Amino acid sequence: MTLVRENAHGTVTIPDSVLLQVVTRAAETVPGVRVRRKRSVDVESRAVRLELTARRGEPLVPLAERVQEEVASALASICGLDASRVDVLIDDLEDDS
């Protein structure tokens, strides 16, 4: 869903593809995380959903919480969107390569 903000100077539009790039890059700044293809940003409810692959041996809950923090922070600072929730599903583990 596209984020559209109107202001005194006109309209700012950020398409879904850009929102997903922001979310993906923010999540992948957390070491040991790779974002899978299933991901979404719902602008109306301000909700993000991500499916991740995590490095085997990482503590999963703290890892997911770091992803939530990074994603929420990036959306707020880059897009002006305050996420109400960032749902993370870790659906696979991988070994270090």
**Message:** Given the criteria under 14 Å from Leu3 (Cα atoms) and within 11 Å of the chain's Cα centre (by Cα), does Val22 qualify?
**Reply:** yes
**Request:** Within the stretch 1-58, track down each residue that is more than 12 Å from Val88 (Cα to Cα) and of a type in the set (Asp, Glu).
**Result:** Glu6, Asp16, Glu28, Asp42, Glu44, Glu58
**Request:** Filter the stretch 4-62 down to residues that are surrounded by fewer than 16 Cβ atoms within 10 Å (Cβ to Cβ), part of a helix (DSSP H, G or I) and small (Gly, Ala, Ser), then give me how many there are.
**Result:** 1
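For the stretch 62-79, how many residues meet the condition of being of a type in the set (Gly, Ala, Ser) and touching a Leu at 6+ places or on another chain (Cβ under 8 Å)? Steps first, answer last, please.
Filtering the stretch 62-79 down to residues of a type in the set (Gly, Ala, Ser) leaves 64, 72-74, 76-77.
Going one step further and asking which of them are touching a Leu at 6+ places or on another chain (Cβ under 8 Å), we end up with 64.
Qualifying residue count, the stretch 62-79: 1.
Going by what's in this entry, would Glu70 be described as of a type outside the set (A, V, I, L, M, F, W, C), at pLDDT 95 or above and under 10 Å from the mean Cα position of the chain (by Cα)? Even if it seems obvious, please write down each step before you answer.
On the way: of a type outside the set (A, V, I, L, M, F, W, C): yes; at pLDDT 95 or above: yes; under 10 Å from the mean Cα position of the chain (by Cα): yes.
In short, yes.
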**Message:** Name the residue that is farthest from Arg39 (Cα to Cα), counting only residues in the stretch 5-23 that are in contact (Cβ under 8 Å) with a residue 24 or more places away in the chain and in contact with a strand residue (DSSP E or B) (Cβ under 8 Å, 6 or more places away or on another chain).
**Reply:** Arg5
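The values are calculated or read from the model by the stated rules, or taken from the named source; none is laboratory data. All of these numbers come straight from a predicted model, not from anything done at the bench. Cβ sites come from the backbone with ideal geometry, for glycine too, and all protein chains shown count toward neighbours.
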